[in-house]
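Data first, discussion second: the structure below is written as C-alpha cells.
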Amino acid sequence: MTVPARERGTTTVAPRAVRRIAERAAAEALPDGGSVTRGSATVRGASARIAVDVRLPYPVRADEAAQRVRERAEARTSALTGLSVPRATVRVDALTVTAPDVTAPEAPEVLEAVEAPEAVPGPRIRAERRVPSAVLAAVGAVACGLVLADVVAVRLGGAPAGWRTAVLDWAAAHGPADSAVRIGGAMAALAGAWLLGCALLPGARRRLRMGAPAPELRAQVDRTAAARILRERALGVSGVVGARVGVRRRRARVRLVVGYGDPEEVRSEAVRVLDAGLAELGLARTPVLRVGVQVRRDASAEAIEPSAAPAGTDRHEVRDGLRNALRDGRQGELRNGPGNELWDGLPGGLRSDGKA
C-alpha cells in the first residue's frame with residue numbers, strides 16, 4: 001500500500017483529542033462552582049471548530065464568564081494541537097446555586113438598582129433542529145435506498161418489487177379529483193411549510209437573548225432560569241410569602257402574595273428589587289415589569305406580626321380583620337401560563353417542582 005506524497009510525514013489530530021483539550025481548557029477558565037457539561041469538535045484540514053456547554057454558578061456575569069471560556073478554549077486548543085481555531089462556541093446551559101440554603105440579605109440597601117452595562121446585542125443563536133433534521137434524513141435515506149435497490153435489481157434482470165408496481169398502478173387509476181390525492185397533497189404541503197419554517201426561523205423561543213460586550217460573542221438565558229432568579233428576589237422582600245413569576249420576551253409578570261405588612265409598601269419594595277434583578281440579567285431587551293399583589297392573611301399572621309393589633313384589642317376582632325383582609329384581597333394580573341411560570345410559598349399552591 002502506497003501512501004500519497006501529500007500525506008507523508010503529516011500528523012493528524014483526531015476530533016476526540018481536540019474535544020478533550022477544549023473541555024479541559026474551558027474548565028480551567030470557569031469560576032468556582034462551574035462545570036463543563038458537554039463538548040464537541042470537528043477537524044477539517046488545518047482548522048478545527050469547537051463547542052462547549054458549561055454550567056455557571058449563580059450569581060455571575062454570564063457574558064464575561066463565557067468570553068473568558070471562549071478565549072481560553074481557542075488559545076489552548078490552537079497551541080496544543082497546532083490547528084487554527086477560527087471560532088469557538090460557548091453555550092451556558094444553566095445557572096446553579098452552590099450554597100445549600102439561599103436566603104435574602106438582611107440589609108435591603110444592598111439591592112439598589114443597577115444600571116445595565118453597555119452591551120451590543122449580537123445575532124441570535126439559532127436552534128440546531130436536530131430532531132427535524134434526523135427525521136428528514138432518515139425518511140429520505142430509507143426511501144432512496146428502497147428505490148435504488150429495486151432499480152438495481154431490475155437492471156440485473158430481476159422483477160420489479162410489488163410495492164413499486166402497486167404504487168404506479170394506484171397513481172394511474174386516481175386523479176387530482178380524488179379525496180385521497182387531495183389529502184395527501186395537503187399533508188405534503190403542510191410538511192413542506194413546517195420544514196421551511198424550521199429552516200428559516202431561528203427557533204429557541206424559550207430563551208432570552210443577552211447583551212454581549214463583543215459583537216462576536218452571543219449569549220442567551222433560559223426563560224425558566226430567569227423566572228427562578230426573579231422569584232428568589234421577590235421572596236426575599238419582607239412581607240412576601242408567595243410569588244408567581246412568568247418571563248417572556250416583551251414582559252415579565254409577577255404576582256406577589258402578601259402575608260403581612262402594608263401591601264402598597266411591599267409592592268413598591270418588590271418593584272425596586274425586581275427592577276434591579278432584571279438589570280442584572282443583562283438582557284439585550286429588558287422586559288416590561290408588571291407586578292400584581294394578592295393579600296392573603298391567616299392565623300399565622302398573628303405570630304408573624306404580634307404588634308399589629310393595638311393594646312386592648314380582642315382576639316376575635318383581630319381574626320375578623322384578617323378574614324376581611326383575605327376576602328377583600330386583590331387578585332394579581334397573572335394568569336396560568338404555558339409552563340415557564342413558577343409558584344411557591346402558598347399552602348395548596350404549586351411548588352417549583354410542579355406538584356400540588
**Request:** Pairs only if they're at least six apart or on different chains, beta carbon under 6 angstrom, first in segment 134-160 and in a helix (DSSP H, G or I), second surrounded by 10 or more Cβ atoms within 10 Å (Cβ to Cβ); list them, first residue then second.
**Result:** ASP150/ALA161; ASP150/ARG164; VAL154/PRO160
**Asked** When the residues of segment 174-199 are filtered to those that are in a helix (DSSP H, G or I) and modelled with pLDDT under 85, which remaining residue is surrounded by the fewest Cβ atoms within 10 Å (Cβ to Cβ)?
**Response** ALA199
**Message:** I'd like the full set of residues that are polar (S, T, N, Q) and closer than 17 Å to VAL221 by Cβ, limited to segment 47-86.
**Reply:** GLN67
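Could you tell me which residue of segment 64-78 is farthest from VAL90 (Cα to Cα), considering only residues that are within 23 Å of the chain's Cα centre (by Cα) and crowded, with 19+ Cβ neighbours inside 10 Å?
Step by step, filter segment 64-78, then rank; the result is ALA65.
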**Prompt:** Of (1) in contact (Cβ under 8 Å) with a residue 60 or more places away in the chain; (2) of a type outside the set (Phe, Trp, Tyr); (3) surrounded by 19 or more Cβ atoms within 10 Å (Cβ to Cβ), GLY33 satisfies all except one. Which?
**Reply:** (3)
**Complete:** For segment 258-298 the number of residues that are without any contact (Cβ under 8 Å) to a residue 60 or more places away in the chain, within 27 Å of MET210 (Cα to Cα) and hydroxyl-bearing (Ser, Thr, Tyr) is 1
**Request:** Answer yes or no as to whether ARG251 is over 30 Å from ALA88 (Cβ atoms), charged (D, E, K, R) and over 22 Å from the mean Cα position of the chain (by Cα).
**Result:** no
**Request:** Please verify whether segment 119-126 includes one or more residues that are in contact with an Asp or Glu (Cβ under 8 Å, 6 or more places away or on another chain), under 26 Å from ARG207 (Cβ atoms) and at pLDDT 55 or above.
**Result:** yes
**Asked** From the list ALA234, ALA279, which one is of a type outside the set (Phe, Trp, Tyr) and at pLDDT below 85?
**Response** ALA279
**Request:** Have a look at VAL257, VAL247 and point out the one that is crowded, with 21+ Cβ neighbours inside 10 Å, at pLDDT 80 or above and touching a helix residue (DSSP H, G or I) at 6+ places or on another chain (Cβ under 9 Å).
**Result:** VAL247
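The values are calculated or read from the model by the stated rules, or taken from the named source; none is laboratory data. Predicted model, so just to flag it, every value in this text is computed and none were measured. Counting neighbours? That spans all protein chains shown, and the Cβs are built from the backbone with ideal geometry, glycine included.
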